[in-house]
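Some notes on the structure that comes next.
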Amino acid sequence: MTPTDHRDFTLSVNGNRVQVTHAAPGASLLDVLREQVGLTGTKGACEEGECGSCSVLLDGELTCSCLVMAATSVGRSIITVEGLEGDPVTERVQAALVDAGAVQCGFCTPGFVVAATDLLRREQSPSTTTVQEALAGNLCRCTGYGRIVEAVRLASRGER
Amino acid sequence: MSAGHSTTAPSTIRGGLGESVTRPDATAKVRGEFAFSSDLTADGALWGATLRSPHPRARIRRIDTSPALAIAGVRVVLTAEDVPGAPTYGLIDADQPVFASDEVRFVGEPVAAVAASDPDTCQRALEAIVVEYEVLPPLLDPERAIDPSSEPIHPSGNIVRHQRVLHGDPTVEGAVTVEGTYDIGMQDQAFLGLEAALAIPDPDGAGVELHVATQWLHEDRTQIASCLGLPEESVRLVLGGVGGAFGGREDLSLQVHTCLLALRTGRPIRVHYDRRESFLAHVHRHPARIWMRHHADPEGNIVKIEARFVLDGGAYASTSSAVLVNAVTHTQGPYRCPNAVVDGYAVRTNNLPCGAMRGFGVVQACFAHESQMDRLATACGLDPIEIRLRNAMRTGDSLITGQTMTSVAPVERCIRETVALPLPEVPIGGDGSHPYMLPGGAGLTADPSHVVRGIGYGVAMKNLMYSEGFDDFATARCRVEDGEVTIHVATAEVGQGFVTIAAQIARSVLGLEEVRLHRIDTGVGSAGSTSASRQTWMSGGAVEAACRAVLSEILGIAARRFDLDTEGLSVLGTTIVDAEFRPVCEVREAVAGEVIEQTVEYRHHPTVPLDADGQGACHTAFAFVAHRAVVDVDVDLGLVKVIQVATAQDVGRALNPLSVIGQIEGGIAQGLGLALMEEIIQVDGEVKNASFTDYLLPTIADMPPVVARLVEEPDPQAPLGAKGVGEPPCISVTPAVVAAIRDAVRTRYGGLRDGTLDRVPVRPIDVVAAAPHG
């Protein structure tokens, strides 16, 4: 690998066209979002799609950004936790996570916000097992998930 | 008397103690705006990375860094020769090299560090460094490490600590005896936020500022400064946002390397570990083998316990000696025991170094003593609850160390309240609505008709704060300026929520609602470590004391202003009141235009080291907890689904009930993980599962509902009546889950093959092998 392999491209992040310069070949979308675009709300914790800390919406689909090469995301809509600000479902999720005590260290939290937003956009009043199924790809080491389940219940339209 | 107001004073303050106040940092965290240490950068920052040993034990013959230095973008390569100060560091013994020089002692030991323009160039530099090793035979078996004929693998020898506990009459025999040998696997803290740091050198090169995720800023600073050969005041630490800790950030990992690279290059340095490196670079929970023999009278009263502990500390000492003391002194668990003969070893091997993890030695002891209590119940014809109630410890009892239990000890109440909690209504094998309700989950492999339910219990005692004569203190500064309170502590906020509690304490003591927290850094005295369930007690005690010192000045101001005697004044809600509780004035009126600042150190009562026979009042205080686990087991396939965990925990006083519940649920998840899935697998000293694909953590689908009761009996020894709540939740849930699995196997077969289901984590094969026939 030589530095000449580095490349430039344009991404659509949170509705904005973002010029990425000198990206390492094979750089993950996660790394490019954090280090080049400067959006650090998306977190990295496992680098292999096991923990969901790096969750983003790619063309509207919940995706681990550590598993996607940035260069293959050209022409696709990338929405990060920062881009969900103002989204009514996200705001309900965020408020519920705070109120339910679902935040401790908070490292996994942005990933849960993105994943729970994705769930509640699809299902307004999910059952507990549906919540578990939807969020099983997001690891949390602090809370034991009880408050997170409670937060999603609070945020779901049927309960508020 | 001229009181300021005639209205009745409100007796409480919004956001004070006892209220489930939400975290001050929660909004930033849900928006992705909270800065974790991995989010920090600085203009002109370079990247650093670490070269690690591929061998569990080898002599370093030669290191050639020149091929790495020849790569464009590589700024510096450092080895042991470049360490200007002490070559080694450690929390208790400075026995661990910054970089290995003569010999490497575990797979993953740092050998060199590089700084380069970007992470890819760092990786190429690491690959280019030439290290010639002479591979030596590793010492991997902890029993062999005890054998005096084994070759020492470290100049300090292979036994880190040997500790006996001899108490009462060692010759006493019980009418009933039960014994077992128990194995506990190596658990990882697996905090989500990987190790990350940013070091910024001073412009004159004479000092450095390190932003790092850690548990104890001041101890880190002491060790870093020693290795850098700098005075401590030239090393300033700032807490970078911490993504969980659980003991894994108590020892140094990247701190010295990052500072060295910054000082050598004159540029800011960022070092980020990936998950594999994280598994190698922090200490883990000690794997342990524990033998216990309980002696009891025919009624099930314990008359003696014999035990032997062997903890594998890995290559370096870390906190192994303190972990061993915790393990051997908790042999009895929360039960009376008049006589004890205990022998314990913490040894050095060429496995991964082990040290602090939530529960700190007591997790291991508890799995053994609770398994023993179930064996004893069976032998005495009692049920598992009755045997525990019969032996439950009380305040005033004498421990096997000779120490008197002076803490409030509501053991019996914890057990009774746990038992009284409702059992789950879910039918055995689930209601068919979703495969997640079956053992094995969505794999759809369990046959509901083969599923058996089991119930098990575990009870634990856990020491709080530091032990054995350690000068344990915490510092807090309280400043009131124009009615706004600022609390400055160096207390590492790792997710546990001290930032919330600190503000609640300040509001309740001072009667002022506006409280902000200063940046957490070494600009104020040490708070001690965020470990040993100690910060609510210690830093909480310090914040309370600092606020009380400020309050006495405020009351003095009010007394002078209204010509009253200070002695009779106090704060009720937000109002200063006189001896008859009549309002004098609002606190915020008394402090208008005033600047008051006080810095206070809080210490707990002194403890003493254990003597050679393990006698001495070595611990500060204790907390208690009981757990009940309900599991569904497919005994043919060995699959386990935890259906519910019930718990009653002795918390003293819940300063923030929501925060306490968060600690309880989170701790239970970690204990469930140890019971069923979490284990670092090493083969010939090499970790085989250093990833989240292969090291299994409980997911949201693995976690059952938790039903919890807070047992609130304020402890008069605790500054706010509140005991630490962080560790107890993860301790006795592990034996409770395993006991429930044993119960299910017995229900299915009418018995259990002896000597099975005595190790954690329980693997499917262990469940299958527990069948008494075939």
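Exactly one residue among A:75, A:101 is assigned to a loop (DSSP other than H, G, I, E, B) and either more than 9 Å from chain B (Cβ to nearest Cβ) or of a type in the set (Lys, Arg) (or both), and that residue is A:75. Of the residues examined, residue B:321 is not one that is outside any loop (DSSP other than H, G, I, E, B), of a type in the set (S, T, N, Q) and in contact with a helix residue (DSSP H, G or I) (Cβ under 7 Å, 6 or more places away or on another chain).
Only one of the numbered conditions (1) closer than 19 Å to residue B:614 by Cα; (2) surrounded by 24 or more Cβ atoms within 10 Å (Cβ to Cβ) is violated by residue B:338, and that is (2). Of the strands (runs of 3 or more DSSP E) contained entirely in the range B:397-507, those carrying at least 1 residues that are surrounded by fewer than 16 Cβ atoms within 10 Å (Cβ to Cβ) and of a type outside the set (Phe, Trp, Tyr) fall at B:473-481, B:484-488.
Kindly provide the set of residues from the range A:72-124 that are polar (S, T, N, Q) and over 24 Å from residue B:658 (Cβ atoms), ordered by number. A:72, A:73, A:77, A:80, A:124, listed by residue number. Here residue B:238 meets the list (1) of a type in the set (A, V, I, L, M, F, W, C); (2) closer than 22 Å to residue B:41 by Cα; (3) crowded, with 24+ Cβ neighbours inside 10 Å almost entirely, failing just condition (3).
Residues in the range A:50-62 that are outside any loop (DSSP other than H, G, I, E, B) and within 14 Å of chain B (Cβ to nearest Cβ): A:55, A:56, A:57.
Checking the conditions here, which among B:693, B:734 is modelled with pLDDT of 95 or more, closer than 30 Å to residue A:150 by Cα, surrounded by fewer than 16 Cβ atoms within 10 Å (Cβ to Cβ) and touching a Gly at 6+ places or on another chain (Cβ under 9 Å)?
Just one listed residue meets the conditions, B:693.
Each residue in the range B:487-503 was checked for being under 24 Å from residue B:20 (Cβ atoms) and away from chain A (no Cβ under 14 Å), and 5 pass.
Residues that are part of a helix (DSSP H, G or I) and crowded, with 24+ Cβ neighbours inside 10 Å: does the range B:350-363 have at least one? Yes - at least one qualifying residue is present in the range B:350-363.
Checking each residue in the range B:631-673 for being more than 14 Å from every other protein chain (Cβ to nearest Cβ) and crowded, with 24+ Cβ neighbours inside 10 Å picks out B:631, B:632, B:633, B:634, B:640, B:648, B:650, B:651, B:652. For the range B:84-102, the candidate set comprises residues that are of a type outside the set (Gly, Ala, Ser) and surrounded by fewer than 21 Cβ atoms within 10 Å (Cβ to Cβ); within that set, the residue that is farthest from residue B:251 (Cα to Cα) is B:102.
Of all residues in the range A:85-94, those being in contact (Cβ under 8 Å) with a residue 60 or more places away in the chain and at the interface with chain B (Cβ under 10 Å from one of its Cβ atoms) number 1.
For residue A:82, the conditions (1) under 14 Å from the mean Cα position of the chain (by Cα); (2) closer than 22 Å to residue B:244 by Cβ; (3) at the interface with chain B (Cβ under 7 Å from one of its Cβ atoms) are fulfilled apart from (2). Is it the case, given these coordinates, that residue A:65 is away from every other protein chain (no Cβ under 11 Å) and in contact (Cβ under 8 Å) with a residue 40 or more places away in the chain? Spelling it out, it is not the case that residue A:65 is away from every other protein chain (no Cβ under 11 Å) and in contact (Cβ under 8 Å) with a residue 40 or more places away in the chain. In a residue-by-residue description of the range B:249-260, the property of being assigned to a strand (DSSP E or B) and of a type in the set (Lys, Arg) applies to no position. Residue B:144 meets the stated requirement of being surrounded by fewer than 19 Cβ atoms within 10 Å (Cβ to Cβ) and more than 22 Å from residue B:76 (Cα to Cα). Residues in the range B:190-206 that are in a loop (DSSP other than H, G, I, E, B) and either buried (at least 24 other Cβ atoms within 10 Å of the Cβ) or of a type outside the set (Asp, Glu) (or both): B:190, B:191, B:192, B:193, B:194, B:195, B:203, B:205, B:206. When B:105, B:52, B:75 are screened for being charged (D, E, K, R) and over 30 Å from the mean Cα position of the chain (by Cα), only B:75 passes. For residue B:209, the conditions (1) in a helix (DSSP H, G or I); (2) over 28 Å from residue B:533 (Cβ atoms); (3) more than 14 Å from chain A (Cβ to nearest Cβ); (4) not hydrophobic (A, V, I, L, M, F, W, C) all hold with the exception of (1).
Can you go through B:115, B:125 and tell me which one is buried (at least 24 other Cβ atoms within 10 Å of the Cβ), within 14 Å of chain A (Cβ to nearest Cβ), more than 29 Å from the chain's Cα centre (by Cα) and touching a residue at least 60 places away in the same chain (Cβ under 8 Å)?
Of the residues listed, the single one that is buried (at least 24 other Cβ atoms within 10 Å of the Cβ), within 14 Å of chain A (Cβ to nearest Cβ), more than 29 Å from the chain's Cα centre (by Cα) and touching a residue at least 60 places away in the same chain (Cβ under 8 Å) is B:125.
Please go through the range B:322-334 and give me each residue that is more than 16 Å from the chain's Cα centre (by Cα) and either of a type in the set (A, V, I, L, M, F, W, C) or surrounded by fewer than 23 Cβ atoms within 10 Å (Cβ to Cβ) (or both), ordered by number. Selection gives B:328 alone. Residues in the range A:7-49 that are assigned to a strand (DSSP E or B) and either in contact (Cβ under 8 Å) with a residue 24 or more places away in the chain or on the phi > 0 side of the Ramachandran plot (or both): A:7, A:9, A:10, A:11, A:12, A:13, A:20, A:22, A:23, A:28.
Among the residues of the range B:214-230, those identified as over 21 Å from the mean Cα position of the chain (by Cα) and not in a helix (DSSP H, G or I) are B:229, B:230. Residues in the range B:601-619 include at least one that is in contact with a Gly (Cβ under 6 Å, 6 or more places away or on another chain), surrounded by fewer than 22 Cβ atoms within 10 Å (Cβ to Cβ) and among the aliphatic types (A, V, I, L, M).
When we screen B:726, B:751 for residues that are assigned to a loop (DSSP other than H, G, I, E, B), out of contact with any strand residue (DSSP E or B) (no Cβ under 9 Å at 6 or more places or on another chain) and surrounded by fewer than 24 Cβ atoms within 10 Å (Cβ to Cβ), the only hit is B:751.
Residue A:21 - would you say it is surrounded by fewer than 22 Cβ atoms within 10 Å (Cβ to Cβ) and either modelled with pLDDT of 95 or more or more than 7 Å from chain B (Cβ to nearest Cβ) (or both)?
Against the criterion (surrounded by fewer than 22 Cβ atoms within 10 Å (Cβ to Cβ) and either modelled with pLDDT of 95 or more or more than 7 Å from chain B (Cβ to nearest Cβ) (or both)), residue A:21 qualifies.
The values are calculated or read from the model by the stated rules, or taken from the named source; none is laboratory data. Everything quoted here is computed from the prediction, not taken from an experiment. Cβ coordinates were reconstructed from backbone atoms using ideal geometry, including for glycine residues, and neighbour counts include every protein chain displayed.
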